[in-house]
1. Looking at the square roots a ≥ b ≥ c of the eigenvalues of the Cα gyration tensor of segment 17-78, which shape do they give, rounded for a/c under 1.5, prolate if a/b is larger than b/c, or oblate?
2. Distance cut-off 31 Å, Cα to Cα: go down the list LYS126/LYS186; LYS94/LYS236; LYS52/LYS126 and report the pairs above it.
3. Relative to the compact globular guide of 2.2 N^0.38 Å, what is the alpha carbon radius of gyration of segment 129-206, as a ratio?
4. Evaluate the distance, in nm, between pseudo-label points positioned 7 Å from the Cα of GLN87 and of ARG40 along their respective Cα→Cβ axes.
5. Could you tell me the extents of segment 16-171's C-alpha atoms along the three principal axes, largest first, rounded to whole Å?
6. Any chance you could list P(r) for segment 101-155, counting all Cα-Cα pairs in 5 angstrom bins from zero, rounded to whole %?
7. Please work out, to two decimal places, the log10 of the ratio I(q)/I(0) at q = 0.19, 0.26, 0.29 Å⁻¹ from a Debye calculation in which every Cα of segment 77-133 carries one identical scatterer.
8. Please tell me the relative contact order of segment 99-206 in percent, rounded to the nearest whole number, where contacts are Cα pairs under 8 Å and at least six residues apart.
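The values are calculated or read from the model by the stated rules, or taken from the named source; none is laboratory data. Just so you know, these numbers come straight off a predicted model, no measurement behind them. Positions of Cβ are generated from backbone atoms using ideal geometry, with glycine treated the same way; all protein chains shown enter the neighbour counts. Quick note on the areas: whole protein, heavy atoms, side chains included, nothing else; ligands and nucleic acids left out. Shrake-Rupley method; radii C 1.70, N 1.55, O 1.52, S 1.80 Å.
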Amino acid sequence: MAWKVISAIKTRVVEKIASTHVAGPHLADAIRVARVAASRGWSCTICPWENKNDSPGSMATRYRQTLKSMIQANVNGTLSVKAPALQFDFELLKEILSVARGAGMRVQFDAQDPASAQPTFQLIEKAAALYRNVGCTLPARWDRSKRDADRAIELQIAVRVVKGMWLDPNMPRVDCRLSYLELVDKLAGRVPHVSVATHDGVVAAESLQRLIEAATVCELEILVGLPTAVAHVAEKRFVPVRVYIPYGTPHLPYNVSYVVNRPAIAGWVLRDLYLGRRKRLFEETKGVGYADA
């Protein structure tokens, strides 16, 4: 019986940590946060979380609804799509691209686990042939990201660089900062747009500086619910800031991987739980410095 109680507590803590980077359960929550971001001069990327029982068709509908709500609310944003949630169905994706094309909004493909990367890129290639305003995400933790960067360069699409949540079994030990900067160097001056997605101030500053020197259009992307102090790294360089805004209900096992591979996030949230505080959206966290998020 004791192990069941401990397991329930662990699950609750992990879900609490994951929930801090979600705007709320509903699309309206994401739109509200996007407006807060806009008031600071920041753009956004909105990402619907899939529920465990969602079908590819229901997720396609949610993606289209998200786009339509962003258009109606006049949100300066991008839609984040997870190809596995659509089961890599190009027919479903075409319906989403049709809505995005009407407003000129970018459709950004998120990275999931390494096993889904190949079919995701196959879908991206089909999408880019139909609609140019698409983008891919390259995790610095993955060995294959160097090759995928070449594909992005060939396709001339926008790239979002992240440290990555899922570990690569082919590269279990990696210096994420070094790998991240190597990806940035490979992309600098060779793709139309690079989004530097990190709360690591050292990596953010160095990445943006290298992209600026290569005359590459770039931006800093931060995750909703985390400290926003790193935004000044971009603003002092006159680089735009974007906020990544997921909405929906976080669930395991995604949460477990998120916490294991993002210890800084766990630390921030557990601190707030210990102090009995609820972090407000975009609340500045004093004294945190630049953590490896």
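1. Details: a/c = 2.71, a/b = 1.40, b/c = 1.93.
Since a/c reaches 1.5 but b/c is at least a/b, the shape of segment 17-78 is classed as oblate.
2. Details: LYS126/LYS186 23 Å; LYS94/LYS236 39 Å; LYS52/LYS126 27 Å.
Over 31 Å Cα-Cα: LYS94/LYS236.
3. Numbers: Rg = 12.2 Å, N = 78, 2.2 N^0.38 = 11.5 Å.
Against the compact-globule rule of thumb, the ratio is 1.06.
4. With each label point 7 Å from Cα toward Cβ, the separation is 4.0 nm.
5. If we take the Cα atoms of segment 16-171, the spans are 40, 38, 35 Å.
6. 4, 19, 33, 24, 13, 6, 2, 0
7. So the normalised log intensities are -0.60, -1.10, -1.33.
8. Working: 156 pairs, mean separation 26.8, N = 108.
Relative CO of segment 99-206 lands at 25 percent.
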